[in-house]
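A.B. asks: This is the structure I want to talk about, given as structure tokens.
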Amino acid sequence: MTDYVRALVGGALIGLAATIALVIHGRIAGICGILARVLERDGGRTFRVGFLTGLVGTGAVLSVVTPGLFGTTSHGLPYLAIAGLLVGIGTTFANGCTAGHGVCGVARFSARSFVAVASFIFAGMVTVAITGGHP
Amino acid sequence: MKAFVLAMLSGALFALGLAVSGMTIPAKITGFLDITRDWDPSLLVVMAGAVGVYSPVVRLARGRRAPWLDGRFHWPTRNDVDVRLVAGSMVFGVGWGLSGYCPGPALVSLVHGALPLVVFVCAMLSGIALVRGVLRQGAQ
């Protein structure tokens with residue numbers, strides 16, 4: 001039960017983060033979009049650099065204060081490089097990831113995002129069914 | 001200054017949300033994607049929490065002309081479903097299923113995860129740059 005409560009509370013915090021991005025900056029809190037366009041000169045650079053600083057910086061603080069919140073991966077570096085490459089390539093073609101499509105897009109009832117979410121969850125499930133899924 | 005600090009707050013809350021919800025534990029992600037063994041539905045609960053808070057905000061924002069610190073909202077413009085969306089999402093899904101990491105959790109875990117996460121994130125950035133380069137060429 002407490003696992004689900006934490007999941008819900010964590011999710012609400014994510015929703016709050018996205019709320020600030022929208023209400024204050026008028027922007028979508030989609031991680032890949034922010035990352036892919038971080039240095040672009042379209043007026044959103046302050047938002048994107050600030051957001052990523054907060055994201056990575058908070059992760060750094062948490063790694064010291066509450067390291068138990070992080071899991072570990074047992075995979076080798078080449079394996080992780082391939083996985084990372086696929087994530088980078090895929091999300092850029094799809095113009096979004098679990099944050100952009102899964103949270104922000106779904107909240108807007110975007111058909112594009114529903115299809116994206118179904119696609120990446122489907123592909124993820126097939127992948128884990130084949131590989132066994134041990135991180 | 002205000003804009004930067006508030007953007008940092010947004011990123012900080014996002015990171016906190018991911019960590020508190022367990023999404024920075026790859027085993028919870030692969031557990032969600034593992035339908036043949038012990039299924040962990042946590043990811044759905046996280047999404048429900050996020051969408052539950054954010055969805056009403058979107059509705060309210062639609063009725064407004066501008067956000068607080070910008071002249072206009074930057075809503076996504078595309079509504080069509082195309083091959084790129086589906087194929088791209090599936091490729092992403094494979095990488096996600098292989099590692100248990102997607103962009104957000106990977107960045108939040110960067111410092112804690114050290115070299116393995118640095119490799120993942122660098123590879124991810126390479127993939128992003130590669131595709132953006134390809135798409136830009138195609139548009140010319």
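A.B. asks: Shape of the range B:76-140 from its Cα gyration tensor (a ≥ b ≥ c, root eigenvalues): rounded if a/c is under 1.5, otherwise prolate when a/b > b/c, or oblate?
C.D. replies: prolate
A.B. asks: Let me ask another. How many partner chain Cβ atoms sit within 10 Å of a residue's Cβ in peptide B:37-49, on average, as a whole number?
C.D. replies: Across B:37-49, the average partner-chain Cβ count within 10 Å equals 6.
A.B. asks: For a quick check: sort B:Leu60, B:Leu107 by the number of other beta carbons within 10 angstrom, fewest at the front.
C.D. replies: Sorted ascending by nearby Cβ count, the order is B:Leu60, B:Leu107.
A.B. asks: Mind checking B:69-80 for the average number of partner chain beta-carbons within 10 Å of each residue's beta-carbon?
C.D. replies: On the way: counts 6, 7, 2, 2, 6, 11, 6, 13, 0, 3, 3, 2.
Averaged over the peptide's residues, the number is 5.
A.B. asks: Mind telling me which of A:Ile28, A:Ile121, A:Ile82 comes out most flexible in a GNM of chain A, alpha-carbon contacts under 10 Å?
C.D. replies: A:Ile82
A.B. asks: Output the DSSP H helices from chain B with an along-axis C-alpha extent of no less than 27 Å and a mean Kyte-Doolittle hydropathy no less than -1.0.
C.D. replies: The answer, listed by residue number, is B:2-21, B:42-62, B:110-139.
A.B. asks: Please identify the helices of chain A, taking whole runs of DSSP H, that span at least 27 Å along their own axis as judged from the Cα atoms and have a mean Kyte-Doolittle score of 0.0 or higher. Spell out each step's value before the answer.
C.D. replies: Details: long enough: A:2-25 (34 Å, 1.47); A:45-65 (29 Å, 1.25); A:111-131 (30 Å, 1.77).
Length and hydropathy pass: A:2-25, A:45-65, A:111-131.
We did not get these values from a lab; they are worked out from the coordinates using the rules stated. What you are looking at is a predicted structure, and each value in this text was computed from that prediction instead of being measured. Note that each Cβ is placed from the backbone with ideal geometry, even for glycine, and that neighbours are counted across all protein chains shown.
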